[in-house]
Structure formats: structure tokens, C-alpha cells
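Take a look at the structure below.
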Amino acid sequence: MLIRTRLRDRDDEFWRQWALRALLVLGAAHLLAGVVFFFAYNWDELGPFARFGLLQGALIVALIAAFAAGLHRPAGQALLIAASVVTGVLFAVIGQVYQTGADAWELFVAWSILVLPWVLASRSSVHWFLWGALALTAISTYGGQVLVPLGVIKAHDFTALVGGLVIGFLALYEFVVWAGSEWLRERWLRVSLALVGLAILVVPAIGFVLDRDEMALGCAMFLVAASSLGYTYARVLPEFAVVAIATGFAALLAMAAGGRVIFEIVGTDGEAGRLVMGLLLLLLWCGFLTASTVRLLNILNRQMAGRGHDA
């Protein structure tokens, strides 16, 4: 009886639209993967004219078809995304044919700039996410190939700044949605940005607690970001998934800190007994933190659900 009631209450139109969009995304992804692997497999047999002709023809067809299908429709948006991907493949082919010697960051910067008008025209959250990933790759490669080798910034500090930039993208996203861009209001986009940003920041944070004092900036940025996201998405903009992500990464940092304390007390001077004892204590500490984190998240979930019900 309960199953029948849930089936009657489900939103059929929502799931129909979800299925259509999911199939569209899968089809577009397979098509674009086919284009990339086609050039990779047949590279030696294709001359320069064939390489450029096929890619430019595909780019023109994708743009014409996108405008014909309508940029406000999922099909038109998917075609603009395809045009953005083909543009990147075209840049790669130009670099292979003419051996320009350009650095990778120059490719990604040019790619990001050229496809930006299509991203603006598509009004697609998926397109914006892909463009953000592309822009982040451009910034990361520029830092890795220029700033770090020249000594402008240390590698771990640059990693922390990249993670902070992703969190900045999340703040910008929330502002744009608050300003009225309802088409950008996608739960998965918010969760993805929080996950990527904290995943980057937790690396230097763990490095700092494991006796890498030069990673203090990354640890400080992680603590600020995790606490800010936890409070914001628990109290201001309720989103349990982001709260769970922030809490989980904080627990991971606490596990690393506990491991350092345990092995400093027990010692690892070559005695097997001390090593086994340290590992057992670390296992108990991780188990305690895991159970505590799950319990805390259950409490927060009930509180957030209760406030949503009251609203």
C-alpha cells in the first residue's frame, strides 16, 4: 500500500523531463567522445586539409543546428556545448599540425575566451560548469608552468588559491541566483562547486597538520571555507549535501591531526609493538570520528528538515 501511494504521489512530468535530459547528455557525451577518438585513431591517415575540414565543418554544423533548434531548448544548448568541445579539439589539432610550441595554459586561455559568447548565449548551467572547469584549468596550468617555476608563488600556496577560487565561484553563483537568474538554480552545481573547492583545500590542510608548516595558508583557508559553507548551508541556504561535504572533510582533517598526535606519543622508532599500537589507536580514533560525524549529520538533517517543514 505504501509503495502504491508513493507511485501515485510522484511527479511524472519531472521524471520525464529528467530522463529526456539525461539521455540527451549521454548522447551528446558519446558523440563528442566519438569525435575525439576518431581523430586519435585515424590521425596518421588524415592529412592537414582533412583534419581541419572535418573539425571546422562539424563546428559550423553544430552552431547552425543550435540556432535552428533554439538556444532556450536543451537540444540547442547541447549543440552549443558540442561546439565548445570541438573548438578545443581544433586548437589541439592546430598545435599538432603546425607545432606552434605554445604552452598548455595558452591553449586553455584562448579556448576559454573564444567559447565564452556561446556560454553566455546558451543560458545552460551545464555549459557554465564546463566553462568554469575550463577556466580553472587555464589558471592552474598558468600557475604550474609560469608562476611556480619563476618563483612568484610556491606550489602549495597556489593550490590553496585555486581551491579558494572555486569557493569564490560558488559565492558568485549564489549571488547570481539571488539576483534573479533562475535558470542557473541547479542543486548539483552548488554541490559540485563545494565538493571541488574543499577537496582541493583539504590537501594542503592535511599537509600542514602532518608537520608541513609551509602549508599554513592552505590549512587556514580550508578551515574558513569549511566553517563558512557549513554555517551558510545549514542556516541561511539549507543544503544538507554541502553541509555533509564540509563536515566530512573536517572529520578527515581531524583524523590526520589525531594520527600525528598518536604517533608522536607512541613513537615509530622501529619497534613493531609501538607501530601496531599506534595503528590500533589510529583505527579507534578514525572509527570514533566516523561514528560521531554520522550522528552529527543525522541530527543536522533532522533539524534542517524540521525548519523546512515549518517554513
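The values are calculated or read from the model by the stated rules, or taken from the named source; none is laboratory data. No experiment lies behind these values; they were computed from the predicted model shown. Cβ sites come from the backbone with ideal geometry, for glycine too, and all protein chains shown count toward neighbours. Only protein heavy atoms, including side chains, enter the accessible area calculation; ligands, DNA and RNA are left aside. Shrake-Rupley method; radii C 1.70, N 1.55, O 1.52, S 1.80 Å.
You will find that of V224, V294, the residue that is part of a helix (DSSP H, G or I), open to solvent by 20 Å² or more (accessible area, probe 1.4 Å), farther than 21 Å from R190 by Cβ and not charged (D, E, K, R) is V294 and no other. Under 16 Å from the mean Cα position of the chain (by Cα), farther than 25 Å from A291 by Cβ and of a type outside the set (V, I, T), is that true of G197? In short, yes. For region 28-44, does any single residue satisfy the condition of being over 27 Å from A138 (Cα atoms) and not hydrophobic (A, V, I, L, M, F, W, C)? Looking through region 28-44, at least one residue is over 27 Å from A138 (Cα atoms) and not hydrophobic (A, V, I, L, M, F, W, C).
Only residues that are touching a residue at least 12 places away in the same chain (Cβ under 8 Å), surrounded by fewer than 18 Cβ atoms within 10 Å (Cβ to Cβ) and assigned to a helix (DSSP H, G or I): list them for region 111-124, please.
Those that are touching a residue at least 12 places away in the same chain (Cβ under 8 Å), surrounded by fewer than 18 Cβ atoms within 10 Å (Cβ to Cβ) and assigned to a helix (DSSP H, G or I): L114, L116, A121.
Within region 227-249, is even one residue of a type in the set (A, V, I, L, M, F, W, C), without any contact (Cβ under 8 Å) to a residue 40 or more places away in the chain, assigned to a helix (DSSP H, G or I) and open to solvent by less than 50 Å² (accessible area, probe 1.4 Å)? Within region 227-249 (the criterion being of a type in the set (A, V, I, L, M, F, W, C), without any contact (Cβ under 8 Å) to a residue 40 or more places away in the chain, assigned to a helix (DSSP H, G or I) and open to solvent by less than 50 Å² (accessible area, probe 1.4 Å)), the answer is no, since none of the residues qualifies.
When you scan region 181-193, do you find a residue that is at positive phi and out of contact with any Cys (no Cβ under 6 Å at 6 or more places or on another chain), even just one? No.
With respect to the conditions (1) within 23 Å of V162 (Cα to Cα); (2) open to solvent by 60 Å² or more (accessible area, probe 1.4 Å), F108 lacks only one, and its number is (2). Can you confirm whether region 58-68 contains a residue that is at pLDDT 80 or above, touching a His at 6+ places or on another chain (Cβ under 6 Å) and open to solvent by less than 40 Å² (accessible area, probe 1.4 Å)? No, every residue in region 58-68 fails to be at pLDDT 80 or above, touching a His at 6+ places or on another chain (Cβ under 6 Å) and open to solvent by less than 40 Å² (accessible area, probe 1.4 Å).
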